[in-house]
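Please read the structure below before turning to the comments.
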Amino acid sequence: MRPIKIAPSILAYDLGNLKEGLDIASRGGADQLHLDVIDGRFAPNITFGPGTVKALRPRTKMKFDTHLMIAEPRTYVERFIEAGSDLLTVHAEVLDPALFDVLHSVIRSRGKEMGLALKPETQLPMWAEERLDKLSALLLLTVNPGFSGQTMDVTVFPKLEKLSRLVAEKGLDLDLEVDGGIDEQNVSEVARRGGNVFVAGAGVYSRPDPVKAIGELSRRALAVRGGS
Ligand code: DX5
Ligand code: ZN
């Protein structure tokens, strides 16, 4: 069974003090740090770029899960690899099969992992289904890309269940990462439907004790596996 992992989304922390946000994730025992890169074109916000990833890199060995909400991943993917990203997740909406193959070869040739993200209304394209074995993660957005602190869109659940079945049928070692509006109330529901990587921005950083909140999300997701 794919392991449960918690990925705090640092976009929800004080953007002037990201190192502290990273330290909170480390102290909470987070499995990976989720870094939301938004370019003002793919989604209506601008966050940070490779320079920020590079500045954070020396502080931790934690996996850097870089969610590239950008219109031109081919132009920037190498810069994020050089900055220290471990998982590079690109959006299906800006790809075609040929571009996917180019990005995959760039990412794998540098020994990094590739993820594919889908906006809430986007279904997995056939060309991507045929390439699932090349991916380390499928990211299902459960909010519109752009901002932390939105409410989870539960209409994505049938897609999550369908993809979870597909991954099991194909016997793939692929993380199903769910991103947007996850909190202590809904994390079990997401785990029950097959998610195993839980991105949480506000669900961690807006809590009175963010370090504890990470542990609580993990505990509740794991409890589903135990049958409780
Ligand atoms: C949305 C981002 C999410 C977001 C998660 O564009 O991809 O990662 O920051 O934050 P919460 O958990 O607050 O929805
Ligand atoms: Zn994200």
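The values are calculated or read from the model by the stated rules, or taken from the named source; none is laboratory data. Everything numeric in this text was worked out from a predicted model, so none of it was measured. All Cβ positions, even for glycine, are placed from backbone atoms using ideal geometry, and neighbour counts span all protein chains on display. We work out accessible area using only protein heavy atoms, side chains counted, and drop any ligands, DNA or RNA first. Shrake-Rupley method; radii C 1.70, N 1.55, O 1.52, S 1.80 Å.
Only one entry of VAL204, VAL224, VAL211 meets the criterion of being open to solvent by less than 70 Å² (accessible area, probe 1.4 Å) and touching a strand residue (DSSP E or B) at 6+ places or on another chain (Cβ under 7 Å), and that entry is VAL204. Checking each residue in region 6-46 for being within 12 Å of ligand 2 (Cβ to nearest atom), within 19 Å of ASP209 (Cβ to Cβ) and out of contact with any Lys or Arg (no Cβ under 9 Å at 6 or more places or on another chain) picks out PRO8, SER9, ILE10, ALA12. Under the condition of being acidic (Asp, Glu) and in contact (Cβ under 8 Å) with a residue 60 or more places away in the chain, the residues counted in region 98-119 number 0. The single condition from (1) within 16 Å of ligand 2 (Cβ to nearest atom); (2) touching a residue at least 40 places away in the same chain (Cβ under 8 Å); (3) farther than 19 Å from ILE70 by Cα that GLN150 fails is (2). Select from region 120-129 the residues that are surrounded by fewer than 18 Cβ atoms within 10 Å (Cβ to Cβ) and touching a residue at least 24 places away in the same chain (Cβ under 8 Å) and write down the one among them that is nearest to VAL197 (Cα to Cα). Among those that are surrounded by fewer than 18 Cβ atoms within 10 Å (Cβ to Cβ) and touching a residue at least 24 places away in the same chain (Cβ under 8 Å), it is PRO120. Of all residues in region 132-144, those that are crowded, with 16+ Cβ neighbours inside 10 Å and in a loop (DSSP other than H, G, I, E, B) total 4.
Name the single residue that is nearest to ligand 1 (Cβ to nearest atom) among those in region 167-185 being at pLDDT 95 or above and open to solvent by 30 Å² or more (accessible area, probe 1.4 Å).
Our first condition is that a residue be at pLDDT 95 or above; within region 167-185, this holds for 167-172, 174-185.
Right, trim to open to solvent by 30 Å² or more (accessible area, probe 1.4 Å) and you get 168-172, 183-185.
Working: ALA168: 25, GLU169: 28, LYS170: 26, GLY171: 28, LEU172: 23, ASP183: 8, GLU184: 12, GLN185: 12 Å.
Going through the qualifying residues, I end up with ASP183.
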